[in-house]
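The values are calculated or read from the model by the stated rules, or taken from the named source; none is laboratory data. Just so you know, these numbers come straight off a predicted model, no measurement behind them. Neighbour counts run over all protein chains shown; Cβ positions are idealised from the backbone, glycine included.
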Amino acid sequence: MFSKSEFMKVNNGKKLNELDYLHAIYKFNDVHIDLVSSFSMLFNPKLELINGDLFIRDIFSIDKYDSFISEGKQIKEVQYWMNLIEITSIFENIELSKAQELAKSIEESWNNKISKLYPNSDINAFVINDQNTDEVFVTLSKLGK
(Lines give C-alpha, C1' and ligand atoms only; values in the text may rest on other atoms or scores of the structure.)
Protein backbone atom coordinates (compact mmCIF):
# COMPACT_ATOMS: atom_id res chain seq x y z
CA MET A 1 0.00 0.00 0.00
CA PHE A 2 1.35 3.41 -0.85
CA SER A 3 1.34 6.59 1.25
CA LYS A 4 -0.41 9.80 0.30
CA SER A 5 2.94 11.52 -0.24
CA GLU A 6 4.05 8.68 -2.57
CA PHE A 7 0.76 8.94 -4.46
CA MET A 8 1.15 12.70 -4.89
CA LYS A 9 4.80 12.36 -5.93
CA VAL A 10 4.00 9.75 -8.61
CA ASN A 11 1.19 11.97 -9.90
CA ASN A 12 3.26 15.15 -9.81
CA GLY A 13 1.72 17.93 -11.82
CA LYS A 14 -1.83 16.60 -11.56
CA LYS A 15 -4.30 18.46 -9.39
CA LEU A 16 -5.25 15.71 -6.92
CA ASN A 17 -6.76 15.69 -3.46
CA GLU A 18 -7.35 13.27 -0.61
CA LEU A 19 -10.46 11.84 -2.27
CA ASP A 20 -8.32 10.93 -5.27
CA TYR A 21 -5.91 9.22 -2.88
CA LEU A 22 -8.75 7.26 -1.24
CA HIS A 23 -10.02 6.23 -4.65
CA ALA A 24 -6.58 4.96 -5.65
CA ILE A 25 -6.11 3.03 -2.39
CA TYR A 26 -9.50 1.38 -2.79
CA LYS A 27 -9.00 0.64 -6.50
CA PHE A 28 -5.45 -0.71 -6.40
CA ASN A 29 -5.52 -2.59 -3.09
CA ASP A 30 -7.66 -5.39 -1.82
CA VAL A 31 -9.58 -3.22 0.66
CA HIS A 32 -12.85 -4.73 1.84
CA ILE A 33 -15.88 -2.44 2.15
CA ASP A 34 -16.17 -3.50 5.82
CA LEU A 35 -13.01 -1.50 6.52
CA VAL A 36 -14.63 1.62 5.08
CA SER A 37 -17.75 1.00 7.18
CA SER A 38 -15.61 0.60 10.27
CA PHE A 39 -13.95 3.95 9.63
CA SER A 40 -17.40 5.45 9.31
CA MET A 41 -18.25 4.18 12.81
CA LEU A 42 -15.34 6.16 14.20
CA PHE A 43 -16.69 9.44 12.87
CA ASN A 44 -20.40 8.74 12.99
CA PRO A 45 -21.11 6.23 15.75
CA LYS A 46 -24.60 5.07 16.58
CA LEU A 47 -25.50 6.69 19.87
CA GLU A 48 -27.95 5.21 22.31
CA LEU A 49 -29.61 6.53 25.44
CA ILE A 50 -29.37 4.02 28.29
CA ASN A 51 -31.27 5.10 31.40
CA GLY A 52 -31.11 8.67 30.09
CA ASP A 53 -27.34 8.60 29.52
CA LEU A 54 -25.55 8.52 26.18
CA PHE A 55 -23.35 5.66 24.97
CA ILE A 56 -21.76 4.51 21.72
CA ARG A 57 -23.90 1.51 20.77
CA ASP A 58 -21.18 -0.54 19.06
CA ILE A 59 -18.96 -0.62 22.15
CA PHE A 60 -21.64 -0.60 24.85
CA SER A 61 -21.88 -3.67 27.10
CA ILE A 62 -24.78 -4.05 29.50
CA ASP A 63 -22.69 -6.41 31.67
CA LYS A 64 -19.89 -3.87 31.97
CA TYR A 65 -22.43 -1.09 32.61
CA ASP A 66 -24.14 -3.09 35.37
CA SER A 67 -20.75 -3.92 36.89
CA PHE A 68 -19.71 -0.25 37.03
CA ILE A 69 -23.07 0.74 38.54
CA SER A 70 -22.91 -2.05 41.14
CA GLU A 71 -19.42 -0.81 42.12
CA GLY A 72 -21.02 2.54 42.93
CA LYS A 73 -19.40 4.49 40.11
CA GLN A 74 -21.10 7.75 39.13
CA ILE A 75 -22.71 7.76 35.69
CA LYS A 76 -20.34 10.43 34.34
CA GLU A 77 -17.43 8.14 35.19
CA VAL A 78 -19.22 5.13 33.67
CA GLN A 79 -19.81 7.07 30.45
CA TYR A 80 -16.21 8.21 30.36
CA TRP A 81 -14.79 4.69 30.57
CA MET A 82 -17.39 2.89 28.45
CA ASN A 83 -17.13 5.37 25.56
CA LEU A 84 -13.32 5.60 25.63
CA ILE A 85 -11.58 4.81 22.34
CA GLU A 86 -7.80 4.79 22.11
CA ILE A 87 -6.70 6.16 18.75
CA THR A 88 -3.05 5.20 19.28
CA SER A 89 -4.07 1.60 19.91
CA ILE A 90 -6.30 1.28 16.86
CA PHE A 91 -3.66 2.79 14.58
CA GLU A 92 -0.42 1.33 15.92
CA ASN A 93 2.73 3.31 15.18
CA ILE A 94 0.75 6.43 14.23
CA GLU A 95 2.68 9.65 14.74
CA LEU A 96 1.48 11.45 17.84
CA SER A 97 0.58 14.61 15.92
CA LYS A 98 -1.47 12.57 13.42
CA ALA A 99 -3.25 10.75 16.25
CA GLN A 100 -4.09 14.10 17.87
CA GLU A 101 -5.34 15.48 14.56
CA LEU A 102 -7.51 12.41 13.94
CA ALA A 103 -8.87 12.48 17.49
CA LYS A 104 -9.76 16.17 17.17
CA SER A 105 -11.67 15.44 13.97
CA ILE A 106 -13.56 12.61 15.68
CA GLU A 107 -14.33 14.84 18.66
CA GLU A 108 -15.81 17.52 16.40
CA SER A 109 -17.87 14.97 14.49
CA TRP A 110 -19.27 13.40 17.66
CA ASN A 111 -20.09 16.78 19.19
CA ASN A 112 -21.89 17.86 16.03
CA LYS A 113 -23.97 14.69 16.12
CA ILE A 114 -24.74 15.06 19.83
CA SER A 115 -25.80 18.70 19.43
CA LYS A 116 -28.06 17.77 16.51
CA LEU A 117 -29.70 14.70 18.07
CA TYR A 118 -29.65 15.82 21.71
CA PRO A 119 -29.57 19.65 21.68
CA ASN A 120 -30.17 19.94 25.45
CA SER A 121 -27.57 17.34 26.40
CA ASP A 122 -24.79 18.12 28.86
CA ILE A 123 -22.70 15.31 27.37
CA ASN A 124 -19.84 16.09 25.04
CA ALA A 125 -16.96 14.37 23.30
CA PHE A 126 -13.41 15.30 24.09
CA VAL A 127 -9.83 14.30 23.34
CA ILE A 128 -7.44 13.07 26.00
CA ASN A 129 -3.71 13.36 25.35
CA ASP A 130 -1.78 11.30 27.88
CA GLN A 131 1.62 12.95 27.77
CA ASN A 132 3.22 10.32 30.00
CA THR A 133 2.45 7.47 27.61
CA ASP A 134 1.95 9.33 24.29
CA GLU A 135 -1.51 7.80 24.02
CA VAL A 136 -4.46 9.65 22.48
CA PHE A 137 -8.08 8.89 23.32
CA VAL A 138 -11.55 10.15 22.47
CA THR A 139 -14.53 9.69 24.73
CA LEU A 140 -17.83 11.24 25.59
CA SER A 141 -19.16 12.00 29.01
CA LYS A 142 -20.72 14.56 31.29
CA LEU A 143 -17.22 15.09 32.70
CA GLY A 144 -16.34 17.43 29.85
CA LYS A 145 -12.98 18.97 29.28
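Here is a yes/no grid of residues against (1) at pLDDT 95 or above; (2) closer than 26 Å to residue 7 by Cα; (3) not charged (D, E, K, R):
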position: 39; (1), (2), (3): no, yes, yes
position: 52; (1), (2), (3): no, no, yes
position: 56; (1), (2), (3): yes, no, yes
position: 74; (1), (2), (3): no, no, yes
position: 84; (1), (2), (3): yes, no, yes
position: 87; (1), (2), (3): yes, yes, yes
position: 108; (1), (2), (3): yes, no, no
position: 131; (1), (2), (3): no, no, yes
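Listed by position, the strands (runs of 3 or more DSSP E) contained in the range 25-132 that have at least 3 residues being surrounded by 12 or more Cβ atoms within 10 Å (Cβ to Cβ), in contact (Cβ under 8 Å) with a residue 40 or more places away in the chain and not hydroxyl-bearing (Ser, Thr, Tyr) are 53-56.
Scanning the range 57-66 for residues that are in contact with a Ser or Thr (Cβ under 8 Å, 6 or more places away or on another chain) and under 28 Å from residue 113 (Cα atoms) turns up nothing.
Looking across the range 133-145, the residues that are farther than 23 Å from residue 52 by Cβ and not in a strand (DSSP E or B) come down to 133, 134.
Checking 37, 61 one by one, the residue that is in the same structural domain as residue 114 (by TED's automatic domain parsing) and touching a helix residue (DSSP H, G or I) at 6+ places or on another chain (Cβ under 8 Å) is 61 and no other.
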